[in-house]
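The values are calculated or read from the model by the stated rules, or taken from the named source; none is laboratory data. Only a predicted model underlies this, so the values are computations on that prediction, with no experimental measurement involved. Cβ: placed from backbone, ideal geometry, glycine included. Neighbour counts: every protein chain shown. The protein model used for the area step is the full one, side chains on, heavy atoms only, and it has no ligands, DNA or RNA in it. Shrake-Rupley method; radii C 1.70, N 1.55, O 1.52, S 1.80 Å.
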Amino acid sequence: MRYAKELGMSPVEVASKIISTLDKDQIEKAEVAGPGFINLFIKNSYLSEGIKTILTENTNYGRGENKHMKINVEFVSANPTGDLHVGHARGAAVGDALARILSFNGYEVTKEYYINDAGSQIDNLALSILARYREILGLDFEIPEDGYHGYDIVVIARELYNEYGATLLNRKGLLDFLKEEGIRREIKKITEDLEDFGVKFDVFTSERDIRKNNSIPREIDYLRPYTYMNEGALYLATSKFVDDKDRVIVKSDGSYTYFLPDIVYHVNKLNRGHALLIDVLGADHHGYIPRLKSALMMHGYPESVLECSMIQMVRFMKDGEEIVASKRTGNAITLRDLIDEVGKDAARYYFVMRSGSVHFDFDLDLAVEHSSSNPVYYAQYAHARLCSVLETASAQGLEPSDTANLDNEFELNLLKELLSFPTEVEAAASERAPYRITNYIQSLAEQIHRFYTECRIIDPKNIEATRNRLTLVKCAKIVMRNALDLIGVTPLEKM
């Protein structure tokens, strides 16, 4: 219809011309519909050929060809000054799912966590631990104005007291020691919580390591052609590129802004051979993107070398009301609270169900409900059903074959859904949209449940039909498992 006028033909004539060129080996029939639409009817025999592909490729079904491109996905990167909160949890689920999808689509992906272990926040971490330590000893204490009041700081102070007693106050270089211990213990806890959430990083990069070897002064020298002084501060002329205004990189007191070491860090990632950087950031960092892109462009990189996926905050609902505090500590809800409340699978599934850039209400009651209304239960139950069918059939000496002739409506609908999986993976990767996979999983689960309900899968009186349907069941199990794995959700075999 779009090119009809340009070709001097009616849309119906253009559609008819297209139909005349189609490969008839795959198509049963093709017909023009309405003002110029084309309806295609694929041959069942051609669809059934896809079964061989699924069975042969198995865990690799849907995997893209090697793209020969290295992508760095940085996500979470919370300061080591407290527990991971639910904003970090959503970023962890989305970032990890995105990395899995890109890797499955053929990219070489590095999952990276940047540790902000330099600067005033670490000084305040040490002072906060010292204050709580003095409190345990019954001494006067004062948490600094920008200090940390979380329960985790109390836990660290207690651990140190149990290990060192009152002698720690006499230690030489106490604050430096508390910095190291605070960072180490916070990162250990963060890592453990993330691993329980199904997230493992390939690389942890320390800001202190990034700052070594005079990297900051050398970066300032490199950027010198794009800098100027104003009221004692050093500005970077990012407005000459894609930023809306210039940015301070060295304050009038000589200290660095956060922006400067971040430039060095991103250049470091590119120097490690990554062709594309993807940062998963909280929505409050939206204005940070143009300045960082501008700085990388000063290094000769294209604007497209950096992509950012924004993560909005989540609102938790229980009994119809918003929940804002942890029962355990009285503070904000943490990743650990969420894992304990609904489990890793439900939390990850719900976080990935929507684009990270939109606000999301997380229904804690629904997330643990054993019903078809609960999306993650609906999906996992579909996989468990398939496993149960194969187990029951095997006990009766019935096994799938390596091919199947299918002609039932519900069989073919399920098979078509299975064959669309590679396309969905590619789209999710190219659009940086993990939620496309959960959408696909819901659609696949619906077809599985319909097939299970409408078709008698195990029929001892019709062994051929049974083997055909068992083969389709095995294929559906493979695809559902592969899809669930892309978002880090367990394909349960029993429920």
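Taken as a whole, the structure places Leu160 among residues that are in contact with a helix residue (DSSP H, G or I) (Cβ under 7 Å, 6 or more places away or on another chain) and without any contact (Cβ under 8 Å) to a residue 40 or more places away in the chain.
Being within 25 Å of Val73 (Cα to Cα), surrounded by fewer than 18 Cβ atoms within 10 Å (Cβ to Cβ) and either at pLDDT below 95 or not hydrophobic (A, V, I, L, M, F, W, C) (or both) is a property that Arg171 lacks.
Scanning region 248-266 for residues that are of a type in the set (Ser, Thr, Tyr) and either free of Cβ contacts under 8 Å to residues at least 12 places away in the same chain or surrounded by fewer than 18 Cβ atoms within 10 Å (Cβ to Cβ) (or both) yields a total of 4. Within the set Lys240, Lys245, Lys188, the sole residue that is closer than 29 Å to Ile333 by Cβ, open to solvent by 50 Å² or more (accessible area, probe 1.4 Å) and at pLDDT 95 or above turns out to be Lys188.
Considering region 14-40, the residues that are surrounded by 14 or more Cβ atoms within 10 Å (Cβ to Cβ) and not β-branched (Val, Ile, Thr) include one that is modelled with the lowest pLDDT, namely Ala30.
Can you confirm whether region 375-393 contains a residue that is within 17 Å of Leu418 (Cα to Cα), modelled with pLDDT under 95 and either of a type in the set (A, V, I, L, M) or open to solvent by 60 Å² or more (accessible area, probe 1.4 Å) (or both)? No, the conditions are met nowhere in region 375-393. Residues in region 407-424 that are open to solvent by 50 Å² or more (accessible area, probe 1.4 Å) and assigned to a helix (DSSP H, G or I): Glu409, Phe410, Asn413, Lys416, Leu419, Thr423.
Every test in (1) open to solvent by 40 Å² or more (accessible area, probe 1.4 Å); (2) of a type outside the set (Val, Ile, Thr); (3) at positive phi is passed by Asp123 save one, and that test is (3).
In this entry, Arg100 is excluded by the filter for residues that are touching a residue at least 24 places away in the same chain (Cβ under 8 Å), basic (Lys, Arg) and in contact with a Phe, Trp or Tyr (Cβ under 6 Å, 6 or more places away or on another chain).
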